Amino acid sequence: MTTDRRITFFHAPNTRSSGVLVLLDELQAEHDLHLLRFATGEQRGSEYLDLNPMGKVPAIRHGDAIVTEQAAVYMYLAELYPEKGLAPMPGDPRRGPYLRWMVFYGSCVEPAVVDKSLGRESAERSRSPYGDYDSVMWTLERHLSQDAGPWWLGESFTAADALWGNAMHFLTQFKLVPETPSVKAYVERFRARESFARAQQRDAALARQLAA
């Protein structure tokens, strides 16, 4: 395995990969940026499909390793920089909840809110990967209202917050997650982080670069 921690980050502005910019900033991770022009369909070109056959972002390349899927990218990057403390390691009591919540976003929240946004009825509970929208929202609200700390896993910011903070920032803007007091407070804390402000500025500059 390579000891060089520099990665290539495949990104398109204002997409699901924008939250990775927050994590890269928090980690001060060494990286090269590979921008994909979604407007021209570059993500569906053969060169990128060889890396990620789904044609999605984010994706990273680290040496010979290719990592796709949002949660996997976050977890890989956080564990590449263990000294930053953004990924609970085995033996840490937060490890189980960390893995649970990293997977819960893609397996439950995203399909639930996509169905909601399109006005589609979910499958019957026994066949649905997420149960139903109300159950997913209740689970999020219950977690955030338990007052376990300011961040997703308690007192300290982790890679889970880079994922969930960015996701909740967008989902509340589009009214896909109810902006309850606990949700609003969490999103406001996330938006107040300097890493989020810098990521937003960088993403806006990248969008202008692609539009030029």
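The values are calculated or read from the model by the stated rules, or taken from the named source; none is laboratory data. Worth saying up front: this structure is predicted, and the values here are computed from it rather than measured. Every residue, glycine among them, receives a Cβ derived from its backbone with ideal geometry; neighbour counts consider all protein chains shown. Note: areas computed on protein heavy atoms with side chains; ligands, DNA, RNA excluded. Shrake-Rupley method; radii C 1.70, N 1.55, O 1.52, S 1.80 Å.
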Inset, instruction - Mind grabbing the base-10 log of I(q)/I(0) for the stretch 7-85 at q = 0.11 Å⁻¹? Debye formula, identical points on the C-alpha positions, no solvent, two decimal places. - result: -0.26
Legend entry - Solvent-accessible surface (1.4 angstrom probe) belonging to residue 179, in square angstrom, nearest 10: 90 Å²
Legend entry - Whole-number D in µm²/s for the chain (Stokes-Einstein; Kirkwood sum over Cα pairs; 10 °C, 1.306 mPa s): 88 µm²/s
Legend entry - 10 Å binning of all Cα-Cα separations within the stretch 74-184, expressed as whole percents from 0 upward: 13, 44, 31, 11, 1
Inset, instruction - Mind checking which of 156, 143, 126 is farthest towards the positive end of the stretch 103-212's charge dipole, using Cβ charges of +1 (Lys, Arg) and -1 (Asp, Glu) about the Cα centre? - result: 156
Legend entry - Sites residue 212 and residue 4, calculated FRET efficiency, Cβ-Cβ separation with R0 25 Å, nearest 0.05: 0.20
Legend entry - Mean accessible surface per residue for the chain, computed with a 1.4 Å probe while every protein chain stays in place, in Å²: 52 Å²
Inset, instruction - Could you look at the stretch 56-157 and say what percent of its accessible area is carbon and sulfur, using a 1.4 Å probe and all protein chains? - result: 51 percent
Legend entry - Dipole magnitude of the chain about its Cα centre (Cβ charges: Lys, Arg +1; Asp, Glu -1), debye to nearest 20: 320 debye
